[in-house]
Amino acid sequence: MEDFQPALREETATPPTARSDSFFRDGAVRLRKNKVAFTAFFVIILIVLGALLLPALWPYRYDQMLGNTPGKPMDPSFNDLPPFGYSATEYKKIEAGEKVFPHIFGTDASGRDYFIRVVYGTRISLAVGFFASIIVLLVGLSVGSIAGFFGGKTDLTIMRIVDIIYSLPDTLMVILLSSVLKSALSSAFSGTVLSRLGSNLISLFLVFALLYWVSMARLIRGQILSLREQEFVLSARSAGAGAFWIIRRHLIPNCIGVVVVSTALQIPSAIFTESYLSFLGLGVNAPMPSLGSLASEALGSIHSYPHRLLIPALVISLIVLSLNLLGDGLRDAFDPKQREF
Amino acid sequence: MQTFAYLLKRIALAVLTIWVVITLTFFVMRAVPGGPFLGEKALTQEAMDALQAKYGLDKPLPQQYITYLKDIVTRLDFGPSLKQRGRTVSKIIGQGLGVSVPLGLAAAAIATAAGLTLGAVAALRRNKLPDRLIMALTTTFVSMPSFIIGTFLLYLFAIELPILPANGAMAGGRILPIVTLALYPTAYITRLTRSSMLDVLGQDYIRTARAKGLSGGRILFGHALKNALLPVITYLGPMIANIVTGSLVVEQIFATPGIGRSFVSSISNRDYPMIMGTTIVLSVLIVTMNLLSDIVYKLVDPRIHFK
């Protein structure tokens, strides 16, 4: 009998709809549930903040040879200090009751505070990874979307070029280009703003812009190919939208998940490449340190000062590992289809 | 017929790639102030004369390019080294390869064997302790550049517990470089095998095999592993590329007298003919291995169709 009672007011009211989440909100919720990726995210935030803020707060500069004071003779007791060691001059200051900021990782052979060099090297490595990925993103996105959208001969030509660049042994080409650009650019840029950045760093970015965009372009092209046949593109077309408008406003926003994920995974691989080149002596210009060049310099003195090698090596591994884990987490959260294995 | 067309296309791409590498190498080197054969530093008179005669440096660029290309294709001749007197680039590369190729092959063999075993174990013990352990280790190793792994191993086994020599030229000195080179590919192959194994184990034909009463071993070796191997074949080419680039730093770290080490020293002392020659030889090696692994993949699994 109860079944035939008229419905109460609360029952007839439309059920509260679940708040519809935006794409990024949805992904962020999924990312937060992934403990590994979330931890990696925090580690990266800490490292980035440290690399950005610490140099401003530290009493020593990365290129400051502490034993060299203008007008005084060189003080070699600053060189090659062990972690938390002090030079003779600093001991005198401490005895006199002054406070001396400790050299947490000691100093290097030229008396430069090693901690701040590692921090600065981290900053350079992160910056290289970030900007190189942005370059790859921009080139890959534009070429890939043009190839995918226009199709036909444009696509064919672009994809043949992509095929060839893709089958080039990239690391060897990077080494070749960097070793040449290094000497070619340094004479061309001497005296300009660019020379402060260092010819090696510029050649590194150039190389990324020339070679590493192909995977991104392939990925974007594939996405655009499937998207461009959909109704919303037809509707935009019939409303009179131009090709580049459609690409910009309709197609690219629809493959943003893929783009975010592969850019995130590009950063650690760029850091990898930079540290590799720096290790071979083709990275950033001295006295600017990068993690790879610090490790490379320390290799010669591994018997006496192993910590100088182990510290930058650990930092690189930590950065690359957490970026990889975060990238994997982003992929699972934003683009589960892309999962490889 | 389709296979044949694919093979032809694939070989053509490989040849084209090698030609691009040689051309790029030749013309990019022209950006060096003073040209690659002269460099910035003064040369010995004999090296200068040899180069002048060899490449006709006074002749127009296209002609020099054709001479360079022809010498490589017909005689594997990359000219004399600028920094090592009286030795040709080909000779230095040949000697280096004699050291590096056995090293690389050993690393590749170890990586394949260890990777397949570990991957199969991880897949069969999915989400249990061995799997978790293997996955944690491989995740770490794929995130470590080879020079980091190399320096850690050097520090651990040659300095802290001196049980192995640090110098690659000494007896037993090849162990550490081989292990360093093998670690990344091992980790990669392990992950690859694990995922393709999991894929295969979920297939109907495995259930059928089990249902008709086959033993676990027969299913594993007769059915599962055979099919799980396919994706691994595609990695064999990239693995060689990885080992080649890895050997540049690894030979540096362990002072091994191979091609990687002479390449790196030619970069730092700007021995341009040497840089060009090594780049070309190593590129040919990598492109050929990629070609071979693609072809083998195609031949092993006729289901695969390429566009």
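The values are calculated or read from the model by the stated rules, or taken from the named source; none is laboratory data. Keep in mind it's a predicted model, so treat the numbers as computed, not measured. Cβ sites come from the backbone with ideal geometry, for glycine too, and all protein chains shown count toward neighbours. Keep in mind that these areas ignore ligands, DNA and RNA; they rest on the heavy atoms of the full protein, side chains included. Shrake-Rupley method; radii C 1.70, N 1.55, O 1.52, S 1.80 Å.
Worth pointing out:
- Within the listed set A:Gln223, A:Gln266, A:Gln64, the Gaussian network model of chain A (springs between alpha-carbon atoms below 10 Å) gives the highest mean-square fluctuation for A:Gln64.
- Peptide A:313-321 has a mean shielding of 4, counted as Cβ atoms of other protein chains within 10 Å of each residue's Cβ.
- Area hidden from solvent between A and B (accessible, protein heavy atoms only, 1.4 Å, total, Å²): 3800 Å²
- Computed lengthening from A:Ile104 to A:Arg30, 0.36 nm per intervening residue step minus Cα-Cα distance: 22.7 nm
- For A:His250, solvent-accessible area (1.4 Å; no DNA, RNA or ligand), Å²: 50 Å²
- This model, with +1 at the C-beta of Lys and Arg and -1 at the C-beta of Asp and Glu, gives chain B a dipole about its Cα centre of some 980 debye.
- Accessible surface, 1.4 Å probe, highest first, among residues B:Phe27, B:Phe157, A:Phe42: A:Phe42, B:Phe27, B:Phe157
- Backbone N atoms of segment A:257-289 closer than 13 Å to the 7 Å Cα→Cβ label point of A:Leu210 are not found in any residue.
- Acute angle (nearest 10 degrees) that the helix B:89-124 long axis makes with the longest principal axis of chain B, alpha-carbon atoms: 10 degrees
- Local charge for A:Phe41 was computed over the other residues whose Cβ lies under 15 Å away, with Lys and Arg +1 and Asp and Glu -1, and equals +3.
- The Rg/Rh ratio of chain A, with both radii computed over alpha carbons and Rh defined as the Kirkwood radius, is 1.13.
- Helix-derived mean residue ellipticity, 222 nm - over chain B, DSSP H n ≥ 4, -39500 (n - 2.57), to 500: -24000 deg cm²/dmol
- Dimensions of the protein assembly as shown from C-alpha coordinates, computed as largest minus smallest value along each principal axis and given longest first, are 105, 78, 66 Å.
- Ordered from highest to lowest accessible area with the whole protein assembly present and a 1.4 Å probe, A:Glu274, B:Glu46, A:Glu95 read as A:Glu95, B:Glu46, A:Glu274.
- Estimated 222 nm signal from helices in chain A, with DSSP H stretches of n ≥ 4 weighted -39500 (n - 2.57), rounded to 500: -21500 deg cm²/dmol
- Pairs exceeding 22 Å between alpha-carbon atoms, taken from B:Lys226/B:Lys298; A:Lys72/A:Lys93; B:Lys59/B:Lys91: B:Lys59/B:Lys91.
- Projected over all directions and averaged, the alpha-carbon convex hull of segment A:65-143 occupies 7.3 nm².
- With every protein chain in place, chain B: carbon and sulfur % of accessible area (1.4 Å): 66 percent
- Debye log10 I(q)/I(0) for segment A:171-329, one point scatterer per Cα, at q = 0.11, 0.21 Å⁻¹: -0.62, -1.24
- Simple spin-label estimate for B:Leu129 and B:Thr288 in nanometres, 7 Å along Cα-Cβ: 4.7 nm
- Relative contact order (percent, whole number), chain B, Cα cutoff 8 Å, 6+ residue spacing: 25 percent
- Radius 15 Å from Cβ of B:Pro257, net charge of other residues (Lys, Arg +1; Asp, Glu -1): +3
- Rounded to the nearest 10 square angstrom, A:Asp163 shows an accessible area of 30 square angstrom against a 1.4 Å probe.
- Per-pair calculated FRET efficiency, R0 = 25 Å: B:Phe27 and B:Lys70 via Cβ, rounded to 0.05: 0.95
- Net dipole in debye of the protein assembly as shown [+1 Lys, Arg Cβ; -1 Asp, Glu Cβ; about Cα centre; nearest 20]: 1040 debye
- Taking the empirical scaling 2.2 N^0.38 Å for compact globular proteins as reference, chain B has a Cα radius of gyration ratio of 1.21.
- Computed over protein heavy atoms with a 1.4 Å probe, the accessible surface of chain A works out to 51 Å² per residue.
- Listed by chain and number, the aspartates and glutamates whose C-alpha is less than 13 Å from the C-alpha of B:Lys212, apart from same-chain residues fewer than 8 away, are B:Asp204.
- Label-to-label distance, nm, for residues given as B:Ala12 and B:Asp49 (7 Å Cα→Cβ offset): 4.8 nm
- For segment B:237-258, a reduction of at least 40 Å² in accessible area between the chain on its own and the assembled protein chains (probe 1.4 Å) is found at B:Thr245, B:Val249.
- When both segment B:124-152 and segment A:221-265 are represented by their alpha-carbon centers, they are found 38 Å apart.
- Heavy atoms of B:Glu251: accessible area, 1.4 Å probe, square angstrom to 10: 0 Å²
- Remark: accessible surface ordering of A:Trp58, A:Trp245 (largest first) is A:Trp245, A:Trp58, probe radius 1.4 Å.
- Principal-axis tilt of helix A:152-167 within chain A, Cα atoms, nearest 10 degrees: 30 degrees
- Taking Cα atoms only, the orientation of helix B:259-268 departs from the longest principal axis of chain B by about 50 degrees.
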